[in-house]
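Undergrad: Okay, handing you the structure first.
Readers should treat all values here as calculations from the given coordinates under stated rules, not as data from a laboratory. Computed from a predicted model, the values in this text were never measured in an experiment. We place every Cβ from the backbone using ideal geometry, glycine too, and count neighbours over all the protein chains shown.
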Amino acid sequence: MPMENSIEYAQQQDAQDPLSAFRNQFHFPQLHGKNAIYLCGNSLGLQPISVREHIEQELLDWQNMGVEGHFEGKNPWYYYHHFLEEASAAIVGAKKKEEVVIMNSLTVNLHLMMISFYRPAGKRTKIIIESPAFPSDQYAVDSHAHLHKLVPADTVVELAARPGENTLRTEDIIATINEIGDELAIVMLGGVNYYTGQFFDLEKITAAAHAVGAVAGYDLAHAAGNVPMKLHDWQVDFAVWCSYKYLNSGPGGTSGCFVHEKHESNHELPRLAGWWGNDEKIRFEMPRHFIPQRGAAGWQLSNAQILPMAAHKASLAIFAAAGMDRLRTKSEKLTAYLEFLIDAANSALGKNAFEIITPRDKAARGCQLSIFSLSGGKELFDQLALNGVIADWREPEKGSGKAGIIRVAPVPLYNSFEDVYQFVRILKEGILKNEQ
Ligand SMILES: *Cc1c(COP(=O)(O)O)cnc(C)c1O
């Protein structure tokens, strides 16, 4: 059935959506006395209602048992991170739960992985990242160049879109990898770029990196819980992600880390060690020398942060129930509907008020669309907020001559076709109002 620009069509899609009931499992922020139209799950996912009881359970065990909660609690804290592995492995496409561990926060995990997997030697020193990369990732890779006494400007190669284009072509990424060849140590990209919403072809990029003898690792902050992945099959060396964006596990929440099975017993990889990475069976015997656990768990430093992990556990149960495949099916439709309505708004306005810079190809994006606002700046965005929409606005880069950008992410777990319809209606009315 062709898509239609009408509230009836949107409501009909919601009525037919097998995942529509998941929306009821989330708290919606209130704006002007009603549920906000929340399209900001790319930045901070909504709170699952079940988070509270999960955290309260741990508070209760702590209250009633003190230290005994480590082994006697309902969910013994000593093993708590294990309760998160299976659902996390399914989200990122790990072959087995030993390939993933939940620990720390995202940038910390990126550093831990870079320590192990960025091993510049001889002329093989270069790091490829994308542009624009998330600032934390830029700072992180620069600091690793410094750690090895290298100059970041000579070491970090930033992939850029062709003039007049907004996203990267896979062929250009691979050409750069081949050009750098035996000088390339590592490719470290955001799996889904935070700014453009482009989902990179991780399988092809990983193969190209390996073909020239380099390592491939990814920051999946905007990919985890957004797009299905097969990190194991794609031979990705490592990956890291946060849990507070699409994974709805709360501000500053805990983070995930993937290490491919092929590295699981490689004790030669240098790493920063801590007691929680030590062989679990003898950890509490406090051995003098570090014996890493097999797999990703061997990179743990500290004992598990139970309260943020309890929030994550609540959220992962929802993902396990919904399933990434079903979420992706809905997500493709929902984002295609947003795209359709934005194009329709341009036609109705008789001009290019909005330019979608996210790839049009469904395989090359997740749920987020990044939209240049060519006919209205921050005042248009403020109109959205006045009308109950929570989205994300970025000022244009200074001196770039570009427009400001609206990033909107209809999230398949809790957004509806009606949310998308109302958002574009309000956006279009905002333009008309500004022109009066
Ligand atoms: C959100 C995000 C971060 C944030 O890092 P934290 O350590 O969680 O503060 C880092 N990198 C990317 C690509 C992100 O999207």
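Undergrad: Collect residues whose amide H, placed 1.01 Å from N in the peptide plane, falls under 5 Å from the amide H of A221; neighbours closer than 5 in sequence don't count.
TA: Residues meeting the criterion, in which the H sits 1.01 Å from N, are G191, C242.
Undergrad: At most 14 other Cβ atoms within 10 Å and a DSSP loop assignment: could you name the trypsin sites (Lys or Arg not before Pro) in region 225-271 that fit?
TA: Of the trypsin sites (Lys or Arg not before Pro), the ones in loops of region 225-271 whose Cβ has at most 14 other Cβ atoms within 10 Å are K230.
Undergrad: Once the Cα gyration tensor of region 323-373 is diagonalised, what are the square roots of 5 times its eigenvalues, in whole Å and ordered largest first, as equivalent ellipsoid semi-axes?
TA: Those come to 24, 11, 7 Å.
Undergrad: Taking a ≥ b ≥ c as the square roots of the Cα gyration tensor eigenvalues, with a/c under 1.5 meaning rounded and otherwise prolate when a/b beats b/c, else oblate, which class fits the chain?
TA: It comes out oblate by the Cα gyration axes.
Undergrad: On to the next question. What residue among W299, A314, Q16 has its Cα farthest toward the positive end of the dipole of the chain, where the charges are +1 on Lys, Arg and -1 on Asp, Glu, each on the Cβ?
TA: Highest projection toward the positive end goes to W299.
Undergrad: Calculate how large, on average over all directions, the projected area of the Cα convex hull of region 123-276 is; give the answer in nm² to one decimal.
TA: For region 123-276, the mean projected area of the Cα convex hull comes to 10.1 nm².
Undergrad: What's log10 of I(q)/I(0) for region 1-135 at q = 0.17 Å⁻¹, Debye sum over Cα points only, no solvent?
TA: Each listed q corresponds, in turn, to -1.22.
Undergrad: Filter the GluC sites (Glu not before Pro) in region 264-342 to those in DSSP coil with at most 10 other Cβ atoms within 10 Å of their Cβ, and list the result.
TA: E268
Undergrad: What list of ³J(HN,Hα) couplings, whole Hz, do you get for region 110-118 from phi and the Karplus terms 6.51, -1.76, 1.60, once you set θ to phi - 60° and write x for glycine and proline?
TA: Listing the rounded values in order: 4, 4, 4, 5, 5, 4, 7, 9, 9 Hz.
Undergrad: Each residue of region 16-21 in order: what ³J(HN,Hα) in whole Hz does its phi give by Karplus 6.51 cos²θ - 1.76 cosθ + 1.60, θ = phi - 60°, with x for Gly and Pro?
TA: Each residue's phi maps through the Karplus curve to give 8, 7, x, 9, 4, 5 Hz.
Undergrad: Magnitude of the Cβ-charge dipole of region 300-436, K/R +1 and D/E -1, about the Cα centre, nearest 20 debye?
TA: Dipole about the Cα centre, nearest 20: 280 debye.
Undergrad: With a cut-off of at most 13 other beta carbons within 10 Å, and DSSP calling the residue loop, which GluC sites (Glu not before Pro) in region 133-184 qualify? Please list them.
TA: Of the GluC sites (Glu not before Pro), the ones in loops of region 133-184 whose Cβ has at most 13 other Cβ atoms within 10 Å are E165.
Undergrad: If you don't mind, another one. Of K74/K96; K262/K313; K149/K402, which ones are farther than 31 Å apart at the Cα?
TA: Where the Cα-Cα span goes over 31 Å, the pairs concerned are K149/K402.
Undergrad: Please compute the length gained on full extension between D279 and D14, using 0.36 nm multiplied by the number of residues separating them and subtracting their Cα-Cα distance.
TA: This chain segment gains 90.5 nm when fully extended.
Undergrad: Can you list the residues, at least 5 places off or on another chain, whose amide H is less than 5 Å from the amide H of H27, using H built in the peptide plane?
TA: So H27 has HN proximity to Q47, I49.
Undergrad: For region 119-133, just list the computed ³J(HN,Hα) in residue order, Karplus coefficients 6.51, -1.76 and 1.60, θ = phi - 60°, integers in Hz, with x standing in for Gly and Pro.
TA: Computed from phi, the couplings for region 119-133 are 10, x, 8, x, 8, 7, 10, 7, 10, 9, 10, 8, 10, x, 8 Hz.
Undergrad: Given +1 on the Cβ of Lys and Arg, -1 on the Cβ of Asp and Glu, and no further charges, what dipole in debye does the chain carry about its Cα centre, rounded to the nearest 20?
TA: It works out to roughly 160 debye.
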